[in-house]
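The values are calculated or read from the model by the stated rules, or taken from the named source; none is laboratory data. Computed from a predicted structure; not experimentally measured. For neighbour counting, all protein chains shown are included, and Cβ atoms are generated from backbone atoms with ideal geometry for every residue, glycine included. Keep in mind that these areas ignore ligands, DNA and RNA; they rest on the heavy atoms of the full protein, side chains included. Shrake-Rupley method; radii C 1.70, N 1.55, O 1.52, S 1.80 Å.
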Amino acid sequence: MNAGAGEGINIDWNKMASTWTLDMSQNFCLTVSLRRSAEEVAGIYGADADRFSWVPLREAPEAPRSGTLLRAGVLGEWAFCIEFENPIGFTYAIMRDLSAQTECLVLLTTEKGLTMFSSVVDGEVVERFEPGYPPSTQGRSPHGYADEIHGLVADGLGPVAASLRSIARRVGHSLTTEILHGPLLSVVIDDFDRQALDHPDPPLLFPAPPPGGSGPLGRRLL
């Protein structure tokens, strides 16, 4: 999904808003963080506060080739941030900092077929897995996300839809199409240091991998 695709292209935004849902997207990263503001979350990603604007999707800037577009808002006590192109919310530095003295959930899905769900508390990944693939599960949280989401996938939901349903239960609010198309804090990060984001100091902590598992990245590389 190209957040800036409205310029020069005839798009029926009302029709798109009524037919598109987030689980239809194949490439995005969603983070939700407890007791943070949208502005605070965007700052953790490295965004410049002077460039923040609250605009609907049709007016959001286009994601640059070497950067990313953040769209952030609030759901009750939780702040969320979503990126559709060149996302960085799943990098270890951002997961560590979003979860500092609180907790965050991270859902990543890619065009290469990888979906990963992570629960992070105060700089430590407490639960991480590929939805629908129980052998990938690392760690366990009091909320039992893995058991719930693997069960929903077994019952017929897709991995992304199952993950979004579990997030909605925890947060108490659904991230609806109307919210995603409506006014959200929007800001572009033109460039970022991927190496620093992937290898923070101090590091993000992980639970032990499952027996025979392949470590934090799951079965498939990004």
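Take the chain with all the other protein chains still there, run a 1.4 Å probe, and you get 47 Å² of accessible area per residue. Each label was represented as a point 7 Å from its Cα along the Cα-to-Cβ direction; for GLU59 and GLU40 these points are 2.7 nm apart.
With a ≥ b ≥ c the root eigenvalues of the C-alpha gyration tensor of segment 100-143, is it rounded (a/c under 1.5), prolate (a/b larger than b/c) or oblate?
Details: a/c = 3.05, a/b = 1.56, b/c = 1.96.
Judged from the Cα gyration tensor, segment 100-143 comes out oblate (a/c at least 1.5, b/c at or above a/b).
The simple spin-label model puts a point 7 Å past each Cα toward its Cβ; for ASP191 and ALA100 those points are separated by 2.5 nm. In a fully extended conformation the segment linking ALA154 and THR177 would gain 5.8 nm over its present Cα-Cα distance, using 0.36 nm per residue. Extending 7 Å from the Cα toward the beta-carbon at both ARG169 and LEU114 defines two label points whose distance is 2.7 nm.
Taking all protein chains as present, what is the carbon and sulfur share of the accessible area of the chain, in % to the nearest whole number, probe 1.4 Å?
Numbers: 5210 of 10450 Å².
Exposed carbon and sulfur together represent 50 percent of the surface.
List residues of segment 57-91, by number, whose backbone nitrogen lies under 14 Å from a label position 7 Å along Cα→C-beta of HIS143. Correct set: 75-81. In the set (i) 53, 38, 29; (ii) 52, 40, 32; (iii) 48, 41, 32, the label that goes with Cα extents along the principal axes in Å computed for this structure is (ii).
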